[in-house]
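Have a look at the structure below, then the notes.
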Amino acid sequence: MIRSFLWQVILALRGRSFRGEYARFCAIRDPAALRVFVEERLRSLLVHAWEHVPYYRRILEQNGVVRGNEVDLSRFERLPLLTKEIIRREELVSDEHANRKWYANSSGGATGEPVRLIQDHVFWRWATAASFYYYTHSLGMDRDRSRKVILWGTGRRMSDGYPPLRVRVKHWFRNQLPLDCSRMGEPDMARFARVINRRKPAIIRGYARSLYEFCRYLDREQVPIHPPRAVVISGESLHPDESKAIGTVLGAPVYDYYGSRETGALAGTCSRGRWHVLSFHNFMEIVDADGRPVGAGREGRVVVTTLHNYSMPLIRYDLGDRAVQGDGSCPCGSPLPTLRSLTGRLMENLVAEDGALVSGVNLSISFNLLDWVQAFQLLQEGPRRVRVLVVPRAEPVEADMRVVEGHLKRLLGQGVDVVWDWVEEIPKTPTGKRLYVRGPAGP
Ligand SMILES: [Zn+2]
């Protein structure tokens with residue numbers, strides 16, 4: 001109680017209290033009110049982008065979306081999709097961002113030159129409110145007060161020992177304990193189980209496949225485990241049977257959550273297992289190859305417009321994921337639009353020299369946004385051999401390659417050979433999906 005109160009005070013002192021934004025979301029009770037809110041925010045974002053970002057001014061005028069201060073939303077879907085390539089090429093940062101409390105949030109990449117994203121405190125408050133809303137309305141739980149254990153690929157500093165004090169304090173205030181799952185051997189999983197049984201969290205959250213593997217271990221070894229009230233999986237897509245297995249082993253409902261660093265909270269499943277889009281934060285469209293929205297029941301690419309980041313607006317940003325548009329109805333009564341299904345990144349775990357499982361999400365982070373990498377796949381060909389398939393966009397950078405190799409060897413073992421392969425296309429799975437990381441037992 002005191003901890004939560006102190007946390008609220010700290011947020012307020014830092015201009016980061018999100019209560020106002022959260023109240024705005026809560027006031028939206030039906031789809032019509034949601035539409036009014038989203039359209040109002042879209043209009044004001046488009047006028048801002050037209051005024052302060054030359055690239056957007058050009059495309060908004062070319063497509064007749066903004067004329068003077070008049071916005072024609074009926075022409076919105078004519079706007080070209082925003083790709084990472086355009087973000088790199090064009091200056092999308094607002095020319096007045098210096099007046100805002102902004103910060104750089106590099107997208108994903110642990111190495112090389114990732115896409116540099118500028119976000120600001122206002123965006124942070126809306127994004128946090130959206131995530132808080134999800135926990136309250138879908139899980140029926142207070143995100144910050146509930147005791148949480150998180151299986152996360154917490155990065156280099158965690159793998160080498162404890163995280164920095166500043167990070168530990170933040171976790172303490174938010175009542176959460178992170179466990180590093182970037183590589184998990186059986187002793188790690190036994191420790192995770194002990195921590196969970198001792199701490200008795202209300203929520204267990206983590207990378208989907210790492211949680212799945214952890215549950216397989218619990219089941220195989222018949223390790224008793226404290227059941228949380230809810231499990232939240234994210235970061236990668238699982239087969240429905242796999243998420244069901246997590247629920248069975250942990251004895252709790254499993255919620256699937258979808259977000260990205262570029263956009264913050266995007267969508268999550270509700271108590272009825274259906275996807276709802278947090279569209280008051282990010283306006284989401286499911287579109288065909290020409291950028292036209294598909295109808296209910298049709299599959300397309302996931303494209304979002306961040307409604308609250310005026311420092312660097314992302315308009316019709318192609319996330320590279322696919323979804324099937326829903327028809328909006330759900331017995332849970334949420335006013336938020338639905339998706340019938342969502343396919344995020346598909347990844348398997350690799351196996352390290354010593355038998356530990358290495359998180360695909362964590363591995364893929366290292367080259368997510370290297371400028372010269374158009375697409376990639378990591379492929380384990382044997383206990384000591386990993387092949388990296390790359391569709392190059394430009395001349396590979398030697399130094400980046402060494403950093404990636406270092407990252408792979410640190411997680412997989414120093415004796416592992418990393419072989420690079422330049423290809424024209426990444427092969428798809430038999431069902432036509434793209435697998436980013438393929439383990440030793442992959443298809
Ligand atoms: Zn629902």
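Here are some notes:
- Note on residue 85/residue 200: beta-carbon distance plugged into 1/(1 + (r/R0)^6) with R0 of 45 Å gives a FRET efficiency of 0.45.
- Relative exposure of 165, 266, judged by other C-beta atoms within 10 Å (fewest first): 165, 266
- For segment 1-126: relative contact order, % (alpha-carbon pairs under 8 angstrom, 6 or more apart): 22 percent
- Residue-averaged 222 nm ellipticity for the chain, from DSSP H runs of 4+ at -39500 (n - 2.57), nearest 500: -10000 deg cm²/dmol
- Count of lysine pairs in the chain with Cα separation under 21 Å (8 or more residues apart, or interchain): 6
- Length gained on full extension, residue 241 to residue 5: 81.0 nm, using 0.36 nm per residue less the C-alpha separation.
- Here the calculated FRET efficiency for residue 414 and residue 374, from their Cβ-Cβ distance with R0 = 22 Å, stands at 0.15, rounded to the nearest 0.05.
- Each Lys and Arg adds +1 at its Cβ and each Asp and Glu adds -1 at its Cβ; summed about the Cα centre, the chain shows a dipole of about 1800 debye.
- Put a dot 7 Å past the Cα of residue 434, heading toward its Cβ, do the same for residue 329, and the two dots end up 3.5 nm apart.
- Euclidean distance between Cα centres, segment 53-89 to segment 341-376, Å: 33 Å
- Relative contact order %, the chain, counting alpha carbon pairs below 8 Å whose residues are six or more apart: 16 percent
- Stretched out straight at 0.36 nm per residue, the stretch from residue 219 to residue 170 would grow longer than its current Cα-Cα span by 14.4 nm.
- Relative contact order %, segment 348-438, counting alpha carbon pairs below 8 Å whose residues are six or more apart: 36 percent
- Gyration tensor over alpha-carbon atoms, the chain, equivalent ellipsoid semi-axes in Å: 34, 28, 22
- Distance between the 7 Å Cα→Cβ label points at residue 98 and residue 39: 3.8 nm.
- Spacing of the two label points (7 Å from each Cα toward its C-beta) at residue 23 and residue 391, in nm: 4.9 nm
- Overall, the ratio between the Cα radius of gyration of segment 348-438 and 2.2 N^0.38 Å, rounded to two decimals, is 1.03.
- Once the chain from residue 74 to residue 294 is taken as fully extended at 0.36 nm per residue, the excess over their C-alpha distance is 77.7 nm.
Any read-out appearing in this document is the output of simple, stated calculations on the displayed coordinates, not a laboratory observation. Predicted, not measured: the structure shown is a model, and the values here were computed from it. Because the Cβ atoms are built from the backbone with ideal geometry, glycine has one as well, and the counts that use them run over all protein chains shown.
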